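A short write-up of the structure that comes next.
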Amino acid sequence: MVGKLLELILKLFFYLLYTPFAWAYDWVAAIVSRGRWVEWTYATLPFLSGERILELGHGPGHLQVALNQRGWQVYGLDISRTMGSLAHHKLMLAGHPHRLVRGQARCLPFSANVFDQIVSTFPSEYLFQPETIAEIRRVLSPEGLLVVLPVAWVGHTSRLDRGFERLFRITHQAPERQDNKWKNKMVELFLQAGFEVRTETITLASSEIFLILASLPKLL
C-alpha cells in the first residue's frame, strides 16, 4: 500500500517536473541520480553511429547536442513543449541546428524507413506499448537499430546511494538487478514485433546501466 502510494506521488512529481517545472529538470535529475544522470545518457553514444538518428523523448537536449557534435543528422521528438524550448535553446547555444518535433511516439510524424537508428533514454511506459513499437519499426530503415536505456542503478558506495536505490525499487523506478522477469518482458515485446534483440549491462565508475539493442533483421 505504501509502495503504491509512493509510486503515484512519484508519477505526479515526474509529470510536473517534465511540464510546468521543466526548468528544474536537470537540477532534480542530478540530485536523484547522485550526479550521474548525464553520464548514464551518454553511455548510449558508443552504440550510435547512424547518419540519421531520432531521439524519442529528447528532454532538455543533452544527447541532442552530443549527437550533433559527431556530425550526424539528428532529430528529436518530445511531447513536452517546455522540453522542446529547453533543448532548442541548448542546441542554439552550442551552434547546432535543431530538428525538434513536438508529438507522440505512438504516432510519429515521419515517413517510413527514414532513420538509421532510434534512441530513447529513461522512457516512460509509452515506449513499450505496441503502437509505439510498431511506429518505431515503420520509421526505421532496413537493418536499423533501436537503442533503449530503460533503467540504471546507483552504486553502493554510500548510505545515501543505498537509500536512493531502495526508494526506486519500492516505487518500481529501478527493479532488482537480479530479477530477470522485467527484462524478459521488455525483450519479448520487441521480439514479437519482429526485432532481433540483445541486451547489455554496462558498469560505470559507481553505477550500472541496462541497455536494450533491438535491430531489424538483415535483408536477404
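The values are calculated or read from the model by the stated rules, or taken from the named source; none is laboratory data. A quick note: this is a predicted structure, and the numbers were derived from the prediction, not measured. Using ideal geometry, Cβ is built from the backbone for each residue, glycine included, and neighbour counts are taken over all protein chains shown. Please note that ligands, DNA and RNA were not included when accessible areas were found on the heavy atoms of the full protein model with its side chains. Shrake-Rupley method; radii C 1.70, N 1.55, O 1.52, S 1.80 Å.
How much length is gained if the chain between residue 38 and residue 203 is pulled fully straight, taking 0.36 nm per residue apart and subtracting their Cα-Cα distance, in nm to one decimal? Working shown, then result.
Working: separation 165, 0.36 × 165 = 59.40 nm, distance 1.50 nm.
Taking residue 38 through residue 203 to full extension adds about 57.9 nm, to one decimal.
Carbon and sulfur atoms: what percent of the 1.4 Å accessible area of the stretch 48-111 do they account for? Let's see the in-between values first.
On the way: 1510 of 2990 Å².
Taking all protein chains in place, the stretch 48-111 shows 50 percent carbon and sulfur surface.
Hey, can you find the accessible area per residue of the stretch 83-130 for me, probe 1.4 Å, expressed in square angstrom?
With the other protein chains kept in place, the stretch 83-130 gives 53 Å² per residue.
Just the ratio, please: alpha-carbon radius of gyration of the stretch 77-149 over 2.2 N^0.38 Å, N its number of residues.
Values: Rg = 13.0 Å, N = 73, 2.2 N^0.38 = 11.2 Å.
Normalised Rg, Cα atoms only: 1.15.
Work out from phi, with θ = phi - 60° and the Karplus expression 6.51 cos²θ - 1.76 cosθ + 1.60, the ³J(HN,Hα) of each residue of the stretch 92-104, listed in order in whole Hz, and give x for Gly and Pro.
Per-residue couplings from phi come out as 5, 4, 7, x, 10, x, 10, 10, 9, 10, 8, x, 10 Hz.
Efficiency by 1/(1 + (r/R0)^6): what FRET value for residue 81 and residue 125, r their Cβ-Cβ distance, R0 = 22 Å, to the nearest 0.05?
Details: r = 21 Å, r/R0 = 0.94.
The formula returns an efficiency of 0.60 here.
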